[in-house]
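Below: one structure, written as structure tokens.
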Amino acid sequence: MWQAIWLTLQLAALTTLILVALGVPLGWWLARSRSLWVEPVAALVALPVVLPPTVLGFYLLVAMGPNGPLAPLLAPFGLRTLAFSFAGLVTGSVIYSLPFMVQPVRNAFQLIGDGPLEAAATLRAAPLDAFFSVAVPLARGGILSGAILSFAHTVGEFGVVLMIGGNIPGETRTLSLTIFDYVETMQWGAAHALSAGMLVFAFAVILITMLIARRTGTPQT
Amino acid sequence: MRRILLAALAVGSFLLGHSPSLAAEASIAAAANFTAAAQEIAARFQAQTGHKINLSFGSSGQLYAQITQGAPFDVFLSADAARPAQAENAGLAVPGTRFTYAIGKLALWSADPALIDDQGRVLRNGDFTHLAIANPAAAPYGTAAVEVMKALGVYASISPKIVQGENIIQTYQFAASGNAELGFVALSQVLEAPGGSYWRVPENLHAPILQDAVLLKAGEQNRFAAEFLAYLKSPQAISIIEKHGYALPRAK
């Protein structure tokens, strides 16, 4: 049980780190670019909100397998498949939680408007400098909300993990899978303990994001 | 106000229309390994009697957990004998209705036509990275798979390579997609989709997989459920069960 909790926290933390690195530039581009591709890309990013996790899990299983498109990339590392591994779960989780990171970040960047950035430009700040010393600090509420939501969403992930994980202790047996197993095998005392913990955790996360939104004035997503 | 009442009425009648006990039909909860056979038997039964059969599949453990919480199933087709007996002891099933409808056969299967020979030597070579089994805690075919590996003395060495499906269908899918090179699945699944290579696991390597059926309390008043159970013992049903790679207990 503790093994599953620890594994889940590791998975969520690593996923969130990758998502911040990926989501901030992507959210920036979506907020600022005038390209025709903005809305199609935004829709693509948002897909996991709508798609059943089974669909995502199924495609990931096929894509990660020895006959899938990722196989040539894995072969140099001596890997046949990315399924049944922690790396595979991280990959799946990043895709699955991407909209929860990108959406608040995009909103936050949009809210800044052109003013502060034009002011930075008149002060001769290079675009990259303006991005890091003006835009990112102003959007910190959205970035923080996105990170918290991504972390929580990954902790609560079930369908994708079920489809590609293989239920390996210490590797892919996460908290939600452990609860599922407890329920299936009628160990409901243990299932209750974990589920109640998740309930408290979920409530705390939602409450914290709402408080952040209130303090920073970022609209909730 | 009238509009609200009408809307409430519409919602209510919609919900009632989905209540399973009102129509000429029966709901069957069946272990995942029996999927193909159950579908064929249900189709035949429907064609002959006109009664509708609703089939739900899952691991025996999952279905049993649902039954304890009042799932609206009339009949339980487990992949083991223990859970139907447990259901009877817990007052969830009608006493005296239990019988063995099939004896499961285990197979070691790979999508790769060259991987498995007729002796299952690959288990001793260990020449693979992932072997899929069904979750032994919830699925009897998974329990049997573990027994086989222990009987062959290879469990300790294979153990780190084991990946678990939640039920036997997912286990098959892990192997069919090639993510696991091979897996312990039900012979019925292997016969269903020819291809790859497989080893029929000798039955002396594991405890027999006695698959028991039982009439549940929810189906006690449903004569279609009783009719279906009777049909499951008919020569037509038995020939379908045997065709799908199961054995049947010898008549006493």
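The values are calculated or read from the model by the stated rules, or taken from the named source; none is laboratory data. All of these numbers come straight from a predicted model, not from anything done at the bench. Methodologically, a virtual Cβ is constructed for each residue, glycine included, from the backbone with ideal geometry; neighbour enumeration extends over all protein chains shown. Remember, those area values only see protein heavy atoms, side chains included, never the ligands or the DNA or RNA. Shrake-Rupley method; radii C 1.70, N 1.55, O 1.52, S 1.80 Å.
Ordered by solvent-accessible area of protein heavy atoms (1.4 Å probe), largest first, the residues B:R83, B:R200, A:R80 come out as B:R200, A:R80, B:R83.
Which sequence of A:V155, A:V200 reflects their accessible areas, 1.4 Å probe, from the largest down?
So, going from the largest accessible area down, we get A:V200, A:V155.
Quantify how strongly other chains surround peptide A:171-178 by giving the mean number of their Cβ atoms within 10 Å of each of its Cβ atoms. The per-residue average across the peptide is 1. Show the residues, 5+ positions off or on another chain, whose built amide H is closer than 5 Å to the amide H of B:T129. It is B:E181, by chain and number. Go through B:K52/B:K105; B:K150/B:K243; B:K52/B:K233; B:K52/B:K217; B:K150/B:K233 and tell me which ones have a Cα-Cα distance over 24 Å in this structure. The pairs that break the limit, which is 24 Å between Cα atoms, are B:K52/B:K105; B:K150/B:K243; B:K150/B:K233.
Among residues other than A:I208 with Cβ under 13 Å from its Cβ, the summed charge is +2 (Lys and Arg +1, Asp and Glu -1). Phi angles of the range B:211-220 translate, via the Karplus equation with coefficients 6.51, -1.76, 1.60 and θ = phi - 60°, into HN-Hα couplings of 9, 9, 10, 8, 7, 8, 4, 4, x, 4 Hz per residue; Gly and Pro are given as x. Counting only protein heavy atoms and a probe of 1.4 Å, the accessible surface of the protein assembly as shown is 64% carbon and sulfur.
Tell me, what is the 1.4 Å probe accessible area of B:I67, in Å² to the nearest 10? Near enough 10 Å² of accessible area. Projected label points at B:T100 and B:T129, each 7 Å from Cα along the beta carbon direction, are separated by 4.1 nanometres. The per residue volume of the convex hull around the alpha-carbon atoms of the range A:122-177 is 114 Å³.
Averaged over the residues of A:145-157, the number of partner chain Cβ atoms lying within 10 Å of the residue Cβ comes to 0. Orientation-averaged projection of the protein assembly as shown equals 29.7 nm² [convex hull of Cα atoms, one quarter of hull surface area].
With the biggest extent put first, the Cα atoms of the range B:12-131 measure 60, 34, 28 Å across the principal axes.
With both labels modelled 7 Å from their Cα along Cα-to-Cβ, the B:N89 to A:A75 distance reads 5.5 nm. Given a 1.4 Å probe, show me the residues in the range A:67-108 buried by at least 10 Å² of accessible surface when comparing the whole protein assembly to the chain alone. Output list: A:N67, A:R80, A:T81, A:F84. Packing-based ranking of B:179-187, A:1-9 yields B:179-187, A:1-9, ordered from highest to lowest mean Cβ neighbour count within 10 Å. The phi torsions of the range A:48-59, fed into the Karplus equation with coefficients 6.51, -1.76 and 1.60 and a -60° offset, translate into couplings of x, 5, 9, 5, x, x, 5, 5, 4, x, 5, 5 Hz, rounded to whole numbers, with Gly and Pro shown as x.
Rounded to the nearest 5, what % of DSSP beta bridges with both residues in chain B are antiparallel?
Percentage antiparallel, nearest 5: 55.
Along the axis of the charge dipole computed for the protein assembly as shown (Cβ charges of +1 for Lys and Arg, -1 for Asp and Glu, origin at the Cα centre), the listed residues B:T97, B:A175, B:A193 are led at the positive end by B:T97. Considering all alpha-carbon pairs of the range B:106-200, what whole percent are spaced by more than 16 angstrom? It works out to 45 percent of all Cα pairs. Working note: Karplus 6.51/-1.76/1.60 with θ = phi - 60° gives the range A:179-189 the couplings 4, 4, 4, 4, 5, 4, 9, 6, 8, 6, x Hz, where Gly and Pro are set to x.
The distance from the alpha carbon centre of the range B:69-96 to that of the range A:150-186 is 27 Å, rounded to a whole number.
Ordered by packing density, taken as the mean number of other Cβ atoms within 10 Å over each peptide's residues, highest first, how do A:34-45, A:97-108 rank?
A:97-108, A:34-45
Across the range B:155-223, Cα-Cα pairs farther apart than 20 Å form 47% of the total. Please give the FRET efficiency for A:A190 paired with B:A24, using the beta carbon to beta carbon distance and R0 = 41 Å, rounded to the nearest 0.05. According to the calculation, E is roughly 0.45. Projecting the Cα atoms of A:V155, A:V38, A:T81 onto the dipole axis of the range A:2-216, where Lys and Arg carry +1 and Asp and Glu carry -1 at the beta carbon, places A:V38 farthest toward the positive end. If R0 is taken as 22 Å, the Cβ-Cβ distance between B:N204 and B:S234 corresponds to a FRET efficiency of 0.10. Scattering from the C-alpha atoms of the range A:2-216 alone, worked out with Debye: what is log10 I(q)/I(0) at q = 0.10, 0.14 1/Å? Rounded to two decimals, the profile gives -0.52, -0.92. The P(r) of chain B has a tail past 32 Å containing 28 percent of all C-alpha pairs.
Per residue, the range A:13-146 exposes 52 Å² of accessible surface when a 1.4 Å probe is rolled over the protein heavy atoms with every protein chain present.
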